[in-house]
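The values are calculated or read from the model by the stated rules, or taken from the named source; none is laboratory data. Keep in mind that this is a model prediction, so the values were computed, not measured. Because the Cβ atoms are built from the backbone with ideal geometry, glycine has one as well, and the counts that use them run over all protein chains shown.
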Amino acid sequence: MIKFTKFSFLVIVLGFLWSCKPVPDDETSVKYSKLVKIADSLSEFNPGAADSLYMIVINDHSLENTGDYATALLGIAMLKINQNVFDTARLFIEQAGKISENLNDTSLLFKYYFTKASLYHALEYFDKTEECYVSGLHLAELAGNESQRHTFLLNLCQVFVDKGMYVEAMKSFTDELKHSEATGNEEYQAIALQNMANIASLTNDNGEAIRLTRKSLAIQKKLNLLPDYADQLQNLGIYYKNMGVYDSAFRFYREALSILSQNGDTVKMIRVQYNMGNLLKNQQKFAEAEKEMKEVIHFCKNKKIFTGHVYALSSLATIYANTNRADQGLAAIDSSLLMAKRNKLINLFINLYEIKHTLLAGIGRYNEAYQVLVLQQQLTDSLLSLDKQKEILALKTRYETEKKEAENILLKKENEIQKSRFWLLLMVFIFGIFALVAIIYVMFQKQKLMKQQKMLDDEKSIRVEQEKRNQEVELEKIQIEKQLQEQELVYQSLVRADLIHINRSVKEKLSPFGMVITRKKDQEEFTRVLSDLTRDASKDPMAEFELIFRQLHSSFYEKLLVLAPELSKSELQVAALIRLNLSTKDIARLTNLSITTIEITRHHIRKKLNLEQTGTLTTFLISI
């Protein structure tokens, strides 16, 4: 159910009255264009009001087949996508697409491709998402619209990242960088470098990420893009932190904080301070970390940012624990728990209980630590993992054991008091001598054994490491050979399929000429020559492919049939071609089927494998 605020209700009423106001026919399009723009501006922070305004336009049937009508359809489709109402969104997009194509309105087509891509991305149909962004990019290049070209290219690269195609994404951003340098657009250069740095970070190449980020920072500083410059400084700090260079990370955090302070962006400032506090805590600079966290707490308290307040309190509690201030740590974690309960931040309880349990266990209050874990168990309302159960049992056992040991100590002390002081001193003296001798002997033997064991462990570690490297090299070699065989198979199969299609075409076109030849001897000679030329026309292009594919992936079909026994032979063949990462067009060439048929077959395969909503089909089949 949509919850309306007073503001959204007022907007809806005004929109309705505005739509009902009599206006001349030549002003109708202007009126509805403004109404759609208002709905667009409301869509992010008040979707309920935007939905109602879009419907005012859609319900006026006199507007059908107009640009305003199609824009309203696309706007409400985006709202439905955000609400996960995908079927309704698809209907709106299809209707808007027909209008956009008929009007041939470039700006409307841009919005159509973007909205359609958003739907496919939400459904995780990444191949179709890629097709939409490619179409939008092509249209932008034809129209010479540099802004739209840049937008579609960025989104296309993001799809590559979602698909794990980091090489393709990096190549596209590199091309964008070159294009921006050629056109002199330094802002686009900075964005391209920033995205290239993100991809380098995703591939754990933090050194390259730092290099690219520094280049982006230089441009942003030159253009005085301070908000983006501050964000990139934070990213640079993260990359240095990932490399373990904490001093540099802290320096860039500080610089970002200074810029954000000048711009008055307090929300981002407090996030940077929180990260700085945790970084200092990890470096065991507890005094400085405590100062940062207290400033974060003060800010969040004044601004009523409850989640940030709870996180900062829990971090402060761990700082107190690490500086032997357990009582203050427990007070801080109890305050964070109380605040989380008041503001119904249920998702934070588990972590807070975990911190409290650690604090209690660290100071030997095992019974209370056990009770906290029990509370954590009741909160999650599910079975704890086996490790947690063992931990609870160990705490309980340890508590009972120490209790018994304390009682035994008291009894022992009472017995010792009854003994003679002389015998006590004598026994202690004798025991001390024997203990000292035994300890010296044991330490000597232990040291000797440790040296021997260390030598054995070092030798074993070297052997294991060498064997592991040899195995990795061998596996990599086998994988490369297999990939080359797959590429050769695909190439030969496509060539063979094209040749068979050509032979069939030749045979169909030349066969009628045999009837024109009058002499029987010439007819026979013509038939023989034609048969030699088109010898392979009747062959199945998939026959040899099937044989070689089974050699490369002997158990692929068996594993696939275990997952989906109802797969047909043709579906198995298409699955094998998808496994080799062939495009729909190439699969159609090999199987001599239409592209539409291949798309339907892909859908049937996904359905039989229960992959309608999650994962890409190609990735799934490669993993088998």
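Can you pull out the helices (runs of 4 or more DSSP H) entirely within the stretch 161-236 that have at least 3 residues that are charged (D, E, K, R) and surrounded by fewer than 18 Cβ atoms within 10 Å (Cβ to Cβ)? Walk me through how you get there before you give the answer.
Numbers: elements: 166-183, 186-202, 206-222.
Output list reads 166-183, 206-222.
Checking SER248 against (1) under 27 Å from ALA289 (Cβ atoms); (2) buried (at least 17 other Cβ atoms within 10 Å of the Cβ); (3) small (Gly, Ala, Ser); (4) over 24 Å from the mean Cα position of the chain (by Cα), which test does it fail?
The single condition SER248 does not satisfy is (2).
Which condition from (1) modelled with pLDDT of 85 or more; (2) within 13 Å of ILE363 (Cβ to Cβ); (3) of a type in the set (A, V, I, L, M) is the one that LEU313 breaks?
So LEU313 meets the others, but not (2).
On the basis of being over 19 Å from ARG254 (Cβ atoms), in contact (Cβ under 8 Å) with a residue 12 or more places away in the chain, among the aromatic types (Phe, Trp, Tyr) and surrounded by fewer than 19 Cβ atoms within 10 Å (Cβ to Cβ), does PHE306 make the cut? It would help to see each step written out before you state the result.
Values: over 19 Å from ARG254 (Cβ atoms): yes; in contact (Cβ under 8 Å) with a residue 12 or more places away in the chain: yes; among the aromatic types (Phe, Trp, Tyr): yes; surrounded by fewer than 19 Cβ atoms within 10 Å (Cβ to Cβ): yes.
So PHE306 fits the description; yes.
What are the residue pairs meeting all of these: first residue in the stretch 266-291, first residue touching a residue at least 40 places away in the same chain (Cβ under 8 Å) and surrounded by 17 or more Cβ atoms within 10 Å (Cβ to Cβ), second residue β-branched (Val, Ile, Thr) and assigned to a helix (DSSP H, G or I), Cβ atoms under 6 Å, and 6 or more apart or on different chains?
TYR274/VAL296; LYS281/ILE319
Can you tell me which of GLU94, GLU64, GLU44 is under 27 Å from ALA140 (Cα atoms), modelled with pLDDT of 85 or more and charged (D, E, K, R)? Spell out how you get there, then give the answer.
Details: GLU64 fails: modelled with pLDDT of 85 or more; GLU44 fails: modelled with pLDDT of 85 or more.
Exactly one of GLU94, GLU64, GLU44 is under 27 Å from ALA140 (Cα atoms), modelled with pLDDT of 85 or more and charged (D, E, K, R), namely GLU94.
Please go through (1) closer than 29 Å to GLU124 by Cβ; (2) surrounded by fewer than 18 Cβ atoms within 10 Å (Cβ to Cβ) for SER41 and return the number of the only condition it doesn't satisfy.
(1)
Please go through (1) under 28 Å from the mean Cα position of the chain (by Cα); (2) under 24 Å from HIS309 (Cα atoms) for GLN220 and return the number of the only condition it doesn't satisfy.
Result: GLN220 fails condition (2) only.
What residue, of TYR113, TYR69, is among the aromatic types (Phe, Trp, Tyr) and within 30 Å of SER172 (Cα to Cα)?
Values: TYR69 fails: within 30 Å of SER172 (Cα to Cα).
Residue meeting the stated conditions: TYR113.
Suppose the filter is under 30 Å from THR213 (Cβ atoms), surrounded by fewer than 16 Cβ atoms within 10 Å (Cβ to Cβ) and either touching a residue at least 60 places away in the same chain (Cβ under 8 Å) or over 31 Å from the mean Cα position of the chain (by Cα) (or both); does GLN262 pass it? Spell out how you get there, then give the answer.
Working: under 30 Å from THR213 (Cβ atoms): yes; surrounded by fewer than 16 Cβ atoms within 10 Å (Cβ to Cβ): yes; either touching a residue at least 60 places away in the same chain (Cβ under 8 Å) or over 31 Å from the mean Cα position of the chain (by Cα) (or both): yes.
Spelling it out, GLN262 is indeed under 30 Å from THR213 (Cβ atoms), surrounded by fewer than 16 Cβ atoms within 10 Å (Cβ to Cβ) and either touching a residue at least 60 places away in the same chain (Cβ under 8 Å) or over 31 Å from the mean Cα position of the chain (by Cα) (or both).
Does the stretch 598-612 hold any residues that are charged (D, E, K, R) and free of Cβ contacts under 8 Å to residues at least 12 places away in the same chain, and which are they?
ARG606, LYS607, GLU612 - these are the residues of the stretch 598-612 that are charged (D, E, K, R) and free of Cβ contacts under 8 Å to residues at least 12 places away in the same chain.
Given the options TYR112, TYR120, TYR133, name the one that is over 24 Å from the mean Cα position of the chain (by Cα) and under 23 Å from LEU73 (Cβ atoms). Show your work before the answer.
Numbers: TYR120 fails: over 24 Å from the mean Cα position of the chain (by Cα); TYR133 fails: over 24 Å from the mean Cα position of the chain (by Cα).
The unique qualifying residue is TYR112.
Taking the stated definitions as given, is SER147 part of a helix (DSSP H, G or I), polar (S, T, N, Q), surrounded by fewer than 21 Cβ atoms within 10 Å (Cβ to Cβ) and within 17 Å of the chain's Cα centre (by Cα)? Walk me through how you get there before you give the answer.
Values: part of a helix (DSSP H, G or I): yes; polar (S, T, N, Q): yes; surrounded by fewer than 21 Cβ atoms within 10 Å (Cβ to Cβ): yes; within 17 Å of the chain's Cα centre (by Cα): no.
So SER147 does not fit the description; no.
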